[in-house]
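One structure is given here, and the rest of the page talks about it.
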Amino acid sequence: MSDEITLRPVTADDLDLYEREFSGPDGWGVHQWFGFQPTADLRRRFAENGLLGPDGGLLSVAEGDRTVGRVKWFPGTWGPADLTNWSLAIGLVPSARGRGIGTRAQQLLVEYLFDHTRADRIQAWTDHDNVAEQRALEKAGFVEEGVLRSAVWRGGQWNDLVIYSVLRAERTGGTAK
């Protein structure tokens, strides 16, 4: 892995890469393939706000000057709607997997969200069988909270997910409650 893993706003070229790399099961991988998805909405939102807004966003993951994936965040709630926290997701091109890039990208996104939003909790979940992503989340500072049974339909069956979170007070330099 390069020492230069960064997050940056999405460019029009990145959208082309996303369409090319994440258009089928090989690009997403066995644990993230949920069928073909339209790309027009992503391009429309890019034209409207660059995929950054108060209700979440999407940033490109770069290794040096090469785009190797994307991270996104979106609202998640436990309780009233005004008690929002962030949920995050990641997608890396196949050649970037297994080299620590996902761990670093998720660390950077957590830092970004704690620095620029009021969220106290950031959560992520992954397929129960996706051991590589579970390790990446743990290395990125997330704590396993439990299993969400039959939580997602993929591959013709219901699949369990493992949910993780990190709290503001748990991050380096965080403020304890």
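Summary of computed values
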item: Inter-residue pairs, beta-carbon under 7 Å, first of a type in the set (Lys, Arg) and in region 118-147, second open to solvent by less than 30 Å² (accessible area, probe 1.4 Å), 6+ apart; result: 121/85; 121/165; 139/103
item: Test set (1) surrounded by 13 or more Cβ atoms within 10 Å (Cβ to Cβ); (2) free of Cβ contacts under 8 Å to residues at least 12 places away in the same chain; (3) closer than 21 Å to residue 113 by Cα - residue 66 fails condition number; result: (3)
item: Given (1) open to solvent by less than 30 Å² (accessible area, probe 1.4 Å); (2) of a type in the set (Val, Ile, Thr); (3) closer than 16 Å to residue 30 by Cβ, index of the condition residue 131 fails; result: (1)
item: Count of region 35-52 residues which are open to solvent by less than 50 Å² (accessible area, probe 1.4 Å) and either at pLDDT 95 or above or under 17 Å from residue 108 (Cα atoms) (or both); result: 2
item: Residue within region 11-28 that is closer than 30 Å to residue 167 by Cβ, of a type outside the set (A, V, I, L, M), under 16 Å from the mean Cα position of the chain (by Cα) and outside any helix (DSSP H, G or I) present; result: no
item: Given (1) at pLDDT below 95; (2) of a type outside the set (Ser, Thr, Tyr); (3) open to solvent by 80 Å² or more (accessible area, probe 1.4 Å); (4) in a strand (DSSP E or B), number of the condition residue 177 does not satisfy; result: (4)
item: Hits in region 53-64 (condition: modelled with pLDDT of 95 or more and assigned to a loop (DSSP other than H, G, I, E, B)); result: 64
item: Flag if residue 170 is open to solvent by 80 Å² or more (accessible area, probe 1.4 Å) and under 21 Å from residue 7 (Cβ atoms); result: yes
item: Count - residues of region 71-123 that are in contact with a Gly (Cβ under 8 Å, 6 or more places away or on another chain), among the hydroxyl-bearing types (Ser, Thr, Tyr) and either open to solvent by 20 Å² or more (accessible area, probe 1.4 Å) or part of a loop (DSSP other than H, G, I, E, B) (or both); result: 1
item: Residues of region 1-43 satisfying the condition of being farther than 16 Å from residue 72 by Cα, among the charged types (D, E, K, R) and free of Cβ contacts under 8 Å to residues at least 12 places away in the same chain; result: 3, 16, 20
item: Among (1) of a type in the set (S, T, N, Q); (2) at pLDDT 95 or above; (3) closer than 20 Å to residue 105 by Cβ - the single one residue 32 does not satisfy; result: (2)
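The values are calculated or read from the model by the stated rules, or taken from the named source; none is laboratory data. The model shown is predicted, which means the values in this text are computed figures rather than measured ones. Every residue, glycine as well, gets a Cβ built from its backbone with ideal geometry; the counts of neighbours run over all protein chains shown. Please note that ligands, DNA and RNA were not included when accessible areas were found on the heavy atoms of the full protein model with its side chains. Shrake-Rupley method; radii C 1.70, N 1.55, O 1.52, S 1.80 Å.
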